[in-house]
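Each remark here refers to the structure printed beneath this line.
The values are calculated or read from the model by the stated rules, or taken from the named source; none is laboratory data. As the structure is a prediction and not an experimental result, all values here were calculated from the model. Here the Cβ positions follow ideal geometry from the backbone for every residue, glycine too, while neighbour counts run over all protein chains shown.
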Amino acid sequence: MKAKESAFGDYIAMIKKSWTYEKMSDSEQAMCMEAFCFANEQGILRGNFNARFSILHAVYHAYLLGLGYAGGGSWRDDEDTPF
C-alpha cells in the first residue's frame, strides 16, 4: 500500500507523461499545475492514496473538459492518434 502523502507527487509525475498533457501549450500546462497545487494547498486532498489519486483525477478531468477535451484519442490531433 502506498503512503497517502505520495499521491500528489505520483499523480503529477504520471500526468506529465500523458499524451493529453503533451498536447497542451506551455501556458495550459502551467495553469493545470496551478489547479493541482490549489487542490493540494486548500486541503482538498483527503483520505488514503487511492482517494487522493481519484480527487486529483477529477481535477484533471475537469481541467481537460475546460480545454475542450470530450474524450477520445484524436483531441488536438488532425493526423495521428496516440492509440
Part of a helix (DSSP H, G or I), at pLDDT below 95 and surrounded by 11 or more Cβ atoms within 10 Å (Cβ to Cβ) - does that describe any residue in region 12-19? yes
Matching residues in region 52-73 - criterion: being surrounded by 13 or more Cβ atoms within 10 Å (Cβ to Cβ) and in a loop (DSSP other than H, G, I, E, B): LEU67, TYR69
Give all pairs with beta carbons closer than 8 Å in which a residue from region 50-79 that is within 11 Å of THR20 (Cα to Cα) meets a residue that is of a type in the set (Asp, Glu) and surrounded by 11 or more Cβ atoms within 10 Å (Cβ to Cβ); count only pairs at least 6 apart in sequence or on separate chains. LEU67/GLU28
Take ARG52 and tell me if it is of a type in the set (Lys, Arg), under 15 Å from the mean Cα position of the chain (by Cα), under 25 Å from MET1 (Cα atoms) and modelled with pLDDT of 95 or more. yes
Select, from PHE38, PHE49, the only residue that is more than 17 Å from TYR69 (Cα to Cα) and buried (at least 16 other Cβ atoms within 10 Å of the Cβ). PHE49
Of everything in region 16-49, what is in contact (Cβ under 8 Å) with a residue 40 or more places away in the chain and not small (Gly, Ala, Ser)? Give them in sequence order. TRP19, THR20, LYS23, MET24, ASN48, PHE49
Any residue at all in region 34-50 that's in contact with a Pro (Cβ under 7 Å, 6 or more places away or on another chain) and assigned to a helix (DSSP H, G or I)? no
